[in-house]
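Shown next, in structure tokens, is the structure this report addresses.
The values are calculated or read from the model by the stated rules, or taken from the named source; none is laboratory data. The shown structure was predicted, so the numbers you read here are calculated from the model rather than taken from an experiment. All Cβ positions, glycine included, derive from the backbone under ideal geometry; neighbour counts span all protein chains shown. For the accessible areas, the whole protein counts, side chains as well, though only heavy atoms, and no ligand, DNA or RNA atoms are used. Shrake-Rupley method; radii C 1.70, N 1.55, O 1.52, S 1.80 Å.
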Amino acid sequence: MKILQVHNEYRHRGGEWTVLQQEYELLSRHHTVDQYIVNNSEELNGPLSKARLLFTTHYNRRSKRQIAQMLRDGGYDMMHVHNFFPLLSPSIFDAAAELGIPSVMTLHNYRLIHPNGLLFNRGEVDESTLKGSAYRAVASGAYRGSPLQTAVVARMIETHRNKGTWGRVPDRLIALTNFAKRKFTEGGIPEERIAVKPNFIRDPLPEMNPSADSDSEPGILFAGRIEEEKGIDELVEAWINEKIQTPLYIAGDGTKKEYLEKLSVHNHSIKWLGSIDRDELLSRMRASLALIFPSRWYEGMPMTILEAKALGCPVITADIGNHADLVNDGQDGLHYRSGETGDLAEKVELITSNPELRERLSGAARKDYERCYTPDRNYSQLMKIYEEAAEVRRRVDGA
């Protein structure tokens, strides 16, 4: 099979880029894979190019022509899109369809149903655009704090809702969890178009040095950006107000770090690690009593949770979003009621004081990784989705 991966790269690479490259390496073992990548930093280099987005974000005919030529000249059997926003637009799916080439898209965020792609606005979950118009998010400037930019993205969402685009192309949409699939369906995307396939990671255990485990006192680990939507305020407040004695190790950096460090300066159970490299992070994770994931938004596919599962580290997570979907409460981790520091403290005490429970959760977490999140498992799932997409395209073209 000859596959074209398509991606609109943001100014700052994040999880989407990592997943794109992982899938490229995985697919390249079995197939011919090429990439077509456009970069916001390179393309949006002046006021005129930025102004053009007002007229092309919802449908870019130039991108359609470019993709059509590439697909035609390259003789591709499949187009897999990881992001089309803002430069490429949904027009690229029409290019593939008109050539009879099946296409799929991985839904790394909620951009098809909310302008900022997060379903999170003004410090809280925002589902107002699921049943209602995306223009509801304009007044608050949900996208980058700008009503104008938000209106541009809302126009894209509403244009393709009204045209029924997502019931026609691409041939398969890939949600990362069942939770995400439910949200996209609530937002008007036909359920039958959406397959569920999580991300994956290579098994970190064979590459780890057995003697490299952290020599710190075992505790609870937080790893991520130190930002409000990650629930870090709630976490620090829980340790202070609920007088949790178990050490909390916080790895990461962000705009809230300085404020929260000052807030917790007299609490000796909270240890600030700053930014650490992946090897140290995995070492600390393997030695931890649990990873804690208090995010207040729905998330995409938190790779730290997959790493924790692979290392047999139980996860304590807020009971919302994709992170709650990834952690099976009472089986390979624990849920606590989001926003309730007392319940969070109870779950920390439960996992800290009960080594038998911790061992059971740890073993189940590792088994869940082996069952669901390995490269081999992911490849099988992806091939099945490609086959389904190809069958859909054959039926449409033969109608």
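In this structure the amide hydrogen of TYR36, modeled in the peptide plane, comes within under 5 Å of the amide hydrogens of GLN5, VAL6, HIS7, none closer than 5 places in sequence on its chain. Karplus-based coupling profile of the stretch 298-313, in residue order and whole Hz: 6, 6, x, 9, x, 5, 5, 5, 5, 5, 4, 4, 4, 8, x, 9, with θ = phi - 60° in 6.51 cos²θ - 1.76 cosθ + 1.60 and x standing for Gly or Pro.
Other residues lying with their Cβ under 12 Å from the Cβ of VAL153 contribute a combined charge of +2, Lys and Arg counting +1, Asp and Glu -1. Backbone phi angles across the stretch 8-25, fed through the Karplus curve with coefficients 6.51, -1.76 and 1.60 (θ = phi - 60°), yield HN-Hα couplings of 9, 7, 6, 4, 10, 5, x, x, 4, 5, 4, 5, 3, 5, 4, 5, 4, 5 Hz in residue order; Gly and Pro are listed as x.
For a quick protection proxy, order the peptides 361-371, 29-39 by their average other-Cβ count within 10 Å, most packed first.
Result, highest mean first: 361-371, 29-39.
Considering only GLY187, GLN331, ASN241, the residue lying farthest towards the positive end of the dipole of the chain is GLY187, judged by Cα position with unit charges set on Cβ.
In straight Cα distance, which aspartates and glutamates are under 15 Å from LYS2, not counting same-chain residues fewer than 8 positions off? Of all the aspartates and glutamates, those that pass the test against LYS2 - Cα under 15 Å, at least 8 places apart if same chain - are GLU23, GLU25, ASP34, ASP73, ASP77, GLU387.
Once neighbouring chains are kept in place and the probe is 1.4 Å, which whole percent of the accessible area of the chain is contributed by carbon and sulfur?
The computed percentage sits at 47.
For LYS256, a cut-off of 30 angstrom between C-alpha atoms picks up these lysines, skipping any fewer than 8 places away in its own chain: LYS183, LYS230, LYS243, LYS271, LYS309, LYS347.
So, counting K/R as plus one and D/E as minus one, what does the shell of residues with Cβ under 12 Å around SER28 add up to?
Local charge sum for SER28: -1.
Solvent exposure of the chain amounts to 44 Å² per residue of accessible area, where only protein heavy atoms count and the probe is 1.4 Å. Placing unit charges on the Cβ atoms of the charged side chains and taking the dipole of the chain about its Cα centre, the candidate lying farthest along the positive direction among SER103, SER380, ALA310 is SER103.
Summarising the amide proton neighbourhood of PHE84: residues at separation of 5 or more, or on other chains, whose placed amide H is nearer than 5 Å comprise ASN8. Note on HIS31 and VAL125: with the Förster distance fixed at 30 Å, the Cβ-Cβ geometry gives a FRET efficiency of about 0.15.
Taking amide H positions as modeled 1.01 Å from N, with prolines and chain starts lacking one, the residues under 5 Å from PHE120 and 5 or more places away or on another chain are ASP126. Of interest is the spacing of the C-alpha centroids, which for the stretch 2-61 and the stretch 86-148 amounts to 16 Å. Here the chain carries DSSP beta bridges of which approximately 5% are antiparallel, counting only pairs with both residues inside. In order along the stretch 60-70, phi translates into HN-Hα couplings of 9, 5, 5, 4, 4, 5, 5, 5, 4, 5, 5 Hz, rounded to whole numbers, per the Karplus curve 6.51 cos²θ - 1.76 cosθ + 1.60 with θ = phi - 60° and x for Gly and Pro. Bridging of LYS50 to aspartates and glutamates at a Cα separation below 18 Å is possible for GLU9, GLU42, once same-chain residues fewer than 8 apart are set aside.
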